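A.B. asks: One structure, pasted below without further comment.
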Amino acid sequence: MPWIMNAAFKIVKSWLGPEAVSLLKFTSKNEVQEYVSVEYLPPHMGGTDPFKYSYPPLVDDDFQTPLCENGPIASEDEASSKEDIESDGKETLETISNEEQTALLKKINLTEPTSKAEENEKVDSKMKAFKKPLSVFKGPLLHISPAEELYFGSTESGEKKTLIVLTNVTKNIVAFKVRTTAPEKYRVKPSNSSCDPGASVDIVVSPHGGLAVSAQDRFLIMGAEMEQLSGTGPAELTQFWKEVPRNKVMEHRLRCHIVESSKPTTLTLKDNAFNMSDKTSEDMCLQLNRLLESNRKLEDQLQRCIWFQQLLLSLTVLSLAFVISFFYLLYS
């Protein structure tokens, strides 16, 4: 053991019992083979074991399906019930007279273009607010951007949402889904869909319910190539993910990173001062007074320490002068 660690090890050794101390052995490179055989030692210690440690992949069970944009993802039973409701609605529409049907169709045709245009404008305006990620992970089926980390803005900045861009680089449709280790904290839209050949899909990820983003949270992007004649509806995608072999699924993991606010501290304090309640301001004043009082006490202690140091220095000089004069008179 290096000499600089002896003092620290003495403290650790005092914490251990006699049985634990007897198990500790200090050996050199030449003596280590007395305790460990050559086949279990690495080459730099004179052994033949070629083992190299690598970080194991994360457990897939940790990742769960996040929330979609408008709430939890509907189950298969809910989807089937919605289909039944839609079929019942279609049957009731058939009972309406031909004149009412034509009037309804005219209204629908008139409102559909305007509503679609408004929706497209809203989507475009939302997407303009996001900054396109620059780094790209190039997988065999999908190019994923960003490559390693999802950047979420802080609470002060207000930019809580982030964007994942998937690009299909194959000649077939690629099904994808997004899972996370904290499904109750995030909304993902879309979280389970497909991407046409050569096309790109923008996935919006946003915190849900005012929960804070953690750097420990992770996202898993899964992709698998579909056959050309396969459907891309919710039911077909659900069945596809049940039947697809594991070795044909591409997986890529993303970490979460919180970007601190670029606003100066003085501006942040001013903004927060307007929003504080009376009780909070009183607490802040009380804490400030306590801080000033403790600061004053520290200053007094520092002044006393300086005074004592000056006194000791003066006494030392006087005693030294007295000793010198005494020896001078003694030898003269």
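A.B. asks: Counting only residues that are surrounded by fewer than 18 Cβ atoms within 10 Å (Cβ to Cβ) and at pLDDT below 85, how many does the range 134-152 have?
C.D. replies: 2
A.B. asks: Being more than 18 Å from M226 (Cβ to Cβ) and either in contact with a Ser or Thr (Cβ under 9 Å, 6 or more places away or on another chain) or touching a residue at least 12 places away in the same chain (Cβ under 8 Å) (or both) is true for just one of K160, K177. Which residue is that?
C.D. replies: On inspection, the qualifying residue turns out to be K160.
A.B. asks: Taking V259 as the residue in question, decide whether it is at pLDDT 75 or above and in contact with a Ser or Thr (Cβ under 7 Å, 6 or more places away or on another chain).
C.D. replies: Answer is yes for this residue.
Yes or no, residue by residue, for (1) modelled with pLDDT of 85 or more; (2) assigned by the TED database to the domain that holds I173; (3) closer than 20 Å to T167 by Cα:
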site	(1), (2), (3)
S206	yes, yes, no
G223	yes, yes, yes
Q228	no, yes, yes
A235	yes, yes, no
Q239	yes, yes, no
K279	no, no, no
K297	yes, no, no
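A.B. asks: Take the residues in the range 243-252 that are over 12 Å from A175 (Cβ atoms) and either among the basic types (K, R) or loosely packed, with under 15 Cβ neighbours inside 10 Å (or both), then tell me which one is farthest from the chain's Cα centre (by Cα).
C.D. replies: Result: P245.
A.B. asks: Go through (1) assigned by the TED database to the domain that holds V249; (2) at pLDDT below 85; (3) not basic (K, R) for Q101 and report which single condition fails.
C.D. replies: (1)
Table: residues versus (1) under 23 Å from S135 (Cβ atoms); (2) exposed (fewer than 15 other Cβ atoms within 10 Å of the Cβ).
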{"position": "Y186", "(1), (2)": "yes, no"}
{"position": "S200", "(1), (2)": "yes, yes"}
{"position": "V204", "(1), (2)": "yes, no"}
{"position": "V213", "(1), (2)": "yes, no"}
{"position": "G231", "(1), (2)": "no, yes"}
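A.B. asks: While we're here: Go through the range 184-211 and give me each residue that's without any contact (Cβ under 8 Å) to a residue 12 or more places away in the chain and over 17 Å from the mean Cα position of the chain (by Cα).
C.D. replies: Residues satisfying the conditions do not exist here.
A.B. asks: Hey, could you check the range 1-23 for residues that are at pLDDT 85 or above and part of a loop (DSSP other than H, G, I, E, B) and say which is nearest to T181 (Cα to Cα)?
C.D. replies: L16
A.B. asks: Run down A117, A175 and say which single residue is surrounded by 12 or more Cβ atoms within 10 Å (Cβ to Cβ), over 18 Å from the mean Cα position of the chain (by Cα) and either modelled with pLDDT under 60 or in a strand (DSSP E or B) (or both).
C.D. replies: Only one candidate passes the filter, namely A175.
The values are calculated or read from the model by the stated rules, or taken from the named source; none is laboratory data. Note that this is a predicted model, so its numbers are computed, not measured. Every residue, glycine among them, receives a Cβ derived from its backbone with ideal geometry; neighbour counts consider all protein chains shown.
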